[in-house]
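Right, one structure below, let's go through it.
The values are calculated or read from the model by the stated rules, or taken from the named source; none is laboratory data. Just so you know, these numbers come straight off a predicted model, no measurement behind them. Glycine gets a Cβ as well: all are built from the backbone with ideal geometry, and neighbour counts include every protein chain shown. The protein model used for the area step is the full one, side chains on, heavy atoms only, and it has no ligands, DNA or RNA in it. Shrake-Rupley method; radii C 1.70, N 1.55, O 1.52, S 1.80 Å.
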Amino acid sequence: MKRFLTLAPVAFLLSGCSNNWGWYVVDPTTTSGYNNLSFMISGAWNTILMSLTAILISVAVGLLVALPGLSEKRSVRNINRVYVEVVRAVPILVLILWVYYGLPQVTGITLNVFWAGVFALALSDSAFQAEIFRAGIQSINKGQYEAAHSVSLNYTDTMRFVILPQAIRRILPALGNQLVYMLKMSSLVSVIGMQELTRKANELVVSEYRPLEIYTILVLEYLVLILIVSSGVRWLERRMQTERD
Amino acid sequence: METTTTDTLIGITNLSKYFGTFQALKDVSLSVAPGERVVVCGPSGSGKSTLIRCINRLEKHEKGQIIVDGIELTDTRESLDKVRANVGMVFQQFNLFPHLTVLENLTLGPKRVFKISEKEARERALGYLERVRIADQADKYPRQLSGGQQQRVAIARSLCMEPRILLFDEPTSALDPEMINEVLDVMTELANSGITMICVTHEMGFARRVADKMVFMDQGEIVEISDAKSFFTAPKSDRCKDFLQKILSH
Ligand SMILES: Nc1ncnc2c1ncn2[C@@H]1O[C@H](COP(=O)(O)OP(=O)(O)OP(=O)(O)O)[C@@H](O)[C@H]1O
Ligand SMILES: [Mg+2]
């Protein structure tokens with residue numbers, strides 16, 4: 001739990017200031033402060049749900065896009081290159097706006113705020129996932145493919161049982177980074193009205209007019225969430241490490 | 001040049017292999033009868049690995065023909081599947097699957113390819129581990145074993161697929177000297193069991209003991225093919241004499 005000590009300087013900073021702060025807005029000992037605080041924290045569920053759903057989709061899509069990137073054929077590799085270059089070039093915020101407002105006009109399909117957010121986040125992240133998977137798979141020794149070939153495994157089984165299990169262990173830290181990144185980027189979905197952490201904070205600021213305190217709490221909310229996630233990822237890494245020894 | 005007869009398990013005729021513009025194999029012909037034990041030797045870069053890798057299609061050849069058990073090696077799915085089922089390979093660097101236990105390394109192929117049950121695959125695997133005298137290590141991971149033990153596991157893994165032909169590419173060159181014999185002993189036993197073997201090695205003691213046929217390669221060509229006895233006592237070409245002199249003086 002040493003990581004949570006990083007919060008200490010922040011707490012110190014906050015306690016050091018007095019006059020300019022109006023902590024009453026989020027003081028859990030008063031009724032309104034307590035209500036405000038639980039209103040803010042209630043956004044965490046959507047932030048988490050949206051980020052996890054998006055990362056699951058982006059990992060799957062990323063893997064699918066990574067595979068043609070490993071082909072010996074240039075034309076097949078180009079599918080991967082074009083996807084990665086195009087998707088990577090669009091800012092996430094722009095993608096969110098486009099999916100929510102533009103996609104219904106183009107396709108006739110209207111996504112609700114949650115799925116529009118998830119779709120945009122996943123699409124944007126999938127380009128990075130594709131690059132991570134490609135690098136991870138390429139880092140596996142050629143001898144592993146040859147050994148799989150010599151015990152007659154076909155391509156699918158070779159990937160599934162030999163290459164990917166090893167590649168995923170190697171890219172786990174990078175996947176953890178992407179999850180952290182996703183949690184942060186999910187705040188952008190607030191612009192289309194998603195009731196997640198940032199949106200809740202914005203709404204509270206409008207009614208209470210204490211932006212300093214409320215946004216400080218918002219910062220802390222993300223900080224805690226992300227520290228929990230990254231220690232979870234560390235734990236997973238350690239566990240996979242000891243499994244091998 | 002040899003002619004292929006009906007009693008031929010592997011028939012290679014006029015094989016050429018290029019890497020870009022570099023010709024790694026030049027018009028190579030060789031035939032191997034069922035049960036025959038062939039040892040291939042020659043200086044570094046002479047094309048030994050390339051030759052045997054062509055036999056299980058880890059490398060594609062550009063010219064000539066390879067026929068394994070009546071099937072010509074081509075790009076078709078059927079040909080590839082047949083070849084892979086018939087031919088096993090043991091590598092210099094073992095190439096065990098590091099994320100799987102010894103037992104899982106052995107059962108993966110049979111379970112996926114022959115669709116046999118976990119239990120049956122396990123029994124088969126333990127049988128072969130017994131044969132390479134390493135059954136007590138079945139639940140360990142490759143990295144927990146010595147090089148010699150790893151190579152014996154790799155041999156057992158190949159045997160689990162019950163191939164007719166086993167290829168060895170310098171199976172002992174990555175090993176510490178004290179572990180070479182435990183692997184060579186296992187290979188000698190295999191040689192006596194009737195399986196067809198093609199073995200790239202510089203272990204001349206082993207070659208003398210087991211080889212029916214010696215193949216000497218240099219610069220992408222097969223310079224000499226002869227039986228083991230005349231190979232060591234009366235090598236025909238000067239290149240071969242030189243090579244033997246160097247390698248036996250160690
Ligand atoms: N994938 C490749 N790309 C380019 N050149 C290659 C490749 N593989 C082998 N070669 C070249 O082909 C020649 C034959 O290589 P090969 O590995 O068959 O030799 P070898 O007899 O097995 O040598 P060694 O005893 O060092 O293993 C060498 O000159 C090598 O550099
Ligand atoms: Mg070699």
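Between B:Ile180, B:Ile155, B:Ile12, the residue with the greatest mean-square fluctuation in the GNM of chain B (Cα pairs under 10 Å linked by springs) is B:Ile180.
Where the accessible area of segment A:28-76 is counted over protein heavy atoms with a 1.4 Å probe, how much of it, in %, is carbon and sulfur? Heavy-atom surface of segment A:28-76 belonging to carbon and sulfur, 1.4 Å probe: 70 percent. Treating each Cα of the protein assembly as shown as one equal point scatterer and applying the Debye formula with no solvent, the log10 of I(q)/I(0) at q = 0.07, 0.09 Å⁻¹ comes out as -0.56, -0.77. For chain B, the dipole from Cβ point charges (+1 on Lys and Arg, -1 on Asp and Glu) about the Cα centre works out to 320 debye, to the nearest 20. Shown here for segment A:31-137: GluC sites (Glu not before Pro) in loop regions (DSSP other than H, G, I, E, B) with at most 15 other Cβ atoms within 10 Å, namely A:Glu72. How far is the Cα center of segment B:49-69 from the Cα center of segment B:174-250, in Å? Cα centroid to Cα centroid, the span is 21 Å. I'd like the interface area for chains A and B: accessible area of each alone minus the complex, both sides summed, 1.4 Å probe, protein heavy atoms only. What is it in Å² to the nearest 100? Separately minus together, A and B give about 2100 Å² buried. Over all projection directions, the Cα-based convex hull of chain A averages an area of 17.4 nm². Projected onto their three principal axes, the Cα atoms of segment A:93-139 cover extents of 42, 17, 15 Å, largest first. Dipole magnitude for chain A: about 720 debye, using +1 per Lys or Arg Cβ and -1 per Asp or Glu Cβ, origin at the Cα centre. Give me the Kirkwood hydrodynamic radius of chain B in Å, from all C-alpha pairs, to one decimal place? This gives a value of 18.7 Å. If you take every DSSP beta bridge whose two residues both sit in the protein assembly as shown, what share of them, in percent to the nearest 5, is antiparallel? The antiparallel fraction comes to roughly 55 percent.
In chain A, Cα pairs under 8 Å separated by at least six residues give a relative contact order of 27 percent.
Of A:Ala130, A:Ala148, A:Ala116, the residue with the greatest mean-square motion in the GNM of chain A, using alpha carbon springs below 10 Å, is A:Ala148. The smallest convex shape that holds all Cα atoms of segment B:162-244, its convex hull, gives 112 Å³ per residue. Here B:Lys236 sits with roughly 140 square angstrom of accessible surface, probe radius 1.4 Å.
Checking the Cα-Cα distances for B:Lys26/B:Lys48; B:Lys26/B:Lys246; A:Lys142/B:Lys60; B:Lys17/B:Lys82 against a 19 Å cut-off, the pairs over it are B:Lys26/B:Lys246; B:Lys17/B:Lys82.
Here segment B:174-242 is assigned +1 on the Cβ of each Lys and Arg and -1 on the Cβ of each Asp and Glu. Its dipole about the Cα centre then comes out at about 360 debye. Taking every alpha-carbon pair within segment B:1-93, the share separated by more than 22 Å comes to 24 percent.
For chain B, the mean residue ellipticity at 222 nm estimated from helices alone is -11000 deg cm²/dmol, where every DSSP H run of n ≥ 4 contributes -39500 (n - 2.57) and the total is divided by all residues, rounded to the nearest 500. Between B:Lys140, B:Lys111, B:Lys119, the Gaussian network model of chain B with springs among Cα atoms under 10 angstrom shows the greatest mean-square fluctuation at B:Lys119. The calculated 222 nm mean residue ellipticity attributable to helices in chain A amounts to -23500 deg cm²/dmol, summing -39500 (n - 2.57) over DSSP H runs of n ≥ 4 and dividing by all residues.
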